[in-house]
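Peer 1: Quick one: structure below, then a few questions.
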Amino acid sequence: MSTLDHEALRKAVVETCRKMNDLGINQGTSGNLSVRIPGGLLITPTSLPYERMEPEDVVELGFDGTYQGRHRPSSEWRFHRDILRAREDVDVVLHCHSTFATVLAVHHKEIPAFHYMTAVAGGTTIRCAPYATFGTQALSDHAIAALQDRQACLLAQHGAIVVAKTFERALWLAVELETLAKMYVHALTLGQPPILSDEEMGRVMDQMRRMSYGQAPDPEGTNDVPRPRPS
Ligand code: 13P
């Protein structure tokens, strides 16, 4: 992340937000996005639709809660700041109200290991954080707890958060989360599906780590995947 200067990061924030809309995981003024910079973060402004947002609209926020910019930062600046401050493994925080993730969240339902892909968020479940009013410290505290050892969580009666090292990975994970949520909602119409055991999910997670599953092939050649034949 630090290899891009602030101007490039602002552009990347706007592009990623527009892709969220194009991918159908966000609409209107819901959702927000942030990226780590030294001493703080760049974050989307509050209440500005992504179609109208320009790189100069992105707000610079310090970890101390002070901001610089022509708009106020997203109303969810607390959880963006707190996650980035607490998690060295995270550089990008994406929040959206994608439909099926939110359908589960309004029922305070977590996503269990009904499908092996639940493991893409880092564990045997994708938790649902308890409800708290948007923009509050309570919501931020609940989100941090639900994201422990995870890269995604649901927020009760609200939406979802995904965290990642890059914008691309965050978008990918947000789409995976929405797809899992959609499959789970449909699966529930036939009754409660069987759940994979913790032991099997452990094997799935090992396999995902070994294969760098869902990530571009490793140029170092350490991934346990077939190598192209030298010509
Ligand atoms: P902001 O426009 O303030 O980012 O709020 C959108 C949202 O999703 C609140 O949770």
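Peer 1: What are the radius of gyration and Dmax of the chain, computed over its Cα atoms and given in Å?
Peer 2: 17.9, 59
Peer 1: Could you tell me the extents of the range 1-54's C-alpha atoms along the three principal axes, largest first, rounded to whole Å?
Peer 2: Result, largest extent first: 30, 19, 17 Å.
Peer 1: If we count GluC sites (Glu not before Pro) as exposed when they sit in a DSSP loop and have at most 15 other beta carbons within 10 Å, what is the longest stretch of the chain that avoids them all? Let's see the in-between values first.
Peer 2: Numbers: sites that count: GLU88, GLU220.
Result, exposed sites excluded: 89-219.
Peer 1: By how many nm would the segment from SER75 to HIS107 lengthen if fully extended, with 0.36 nm per residue of separation less the alpha-carbon distance?
Peer 2: 9.2 nm
Peer 1: Measure off 7 Å from each Cα along the Cα-to-Cβ vector at LYS165 and SER30, then give the distance between these two points in nanometres to one decimal.
Peer 2: Those two pseudo-labels are separated by 3.1 nm.
Peer 1: Here's another thing I want to ask about it. So what is the diffusion coefficient of the range 10-119 in µm² per second by Stokes-Einstein at 4 °C and 1.567 mPa s, using a Kirkwood Rh over Cα pairs?
Peer 2: On the way: Rh = 14.8 Å.
Value of D from the Cα-based Kirkwood radius: 88 µm²/s.
Peer 1: What is the distance, in nm, between label points placed 7 Å from the Cα along the Cα-to-Cβ direction at GLN68 and at TYR131?
Peer 2: 4.0 nm
Peer 1: Oh, and also: How much accessible area per residue does the chain have, in Å², with a 1.4 Å probe?
Peer 2: Working: 11570 Å² over 231 residues.
Heavy-atom accessible area per residue stands at 50 Å².
Peer 1: Also, I was wondering about something else. When the accessible area of the chain is computed with all protein chains present and a 1.4 Å probe, what percentage of it is carbon and sulfur?
Peer 2: Numbers: 6110 of 11570 Å².
Here carbon and sulfur together make up 53 percent of the probe-accessible area.
Peer 1: May I pose another question? Does the range 85-153 come out rounded, prolate or oblate by the C-alpha gyration tensor, with a ≥ b ≥ c the root eigenvalues, rounded set by a/c under 1.5 and, if not, prolate when a/b is larger than b/c and oblate if not? Don't skip to the end; give the middle numbers.
Peer 2: Values: a/c = 1.76, a/b = 1.12, b/c = 1.57.
Since a/c reaches 1.5 but b/c is at least a/b, the shape of the range 85-153 is classed as oblate.
Peer 1: How much net charge surrounds TYR116 when only other residues with a Cβ under 11 Å from its Cβ are counted (Lys, Arg +1; Asp, Glu -1)? Display every interim value, and only then the final one.
Peer 2: Details: positive: ARG203; negative: GLU200.
Value of the local net charge: 0.
The values are calculated or read from the model by the stated rules, or taken from the named source; none is laboratory data. In this text the structure is predicted, and so the values were computed from the model without any measurement. Every residue, glycine as well, gets a Cβ built from its backbone with ideal geometry; the counts of neighbours run over all protein chains shown. We work out accessible area using only protein heavy atoms, side chains counted, and drop any ligands, DNA or RNA first. Shrake-Rupley method; radii C 1.70, N 1.55, O 1.52, S 1.80 Å.
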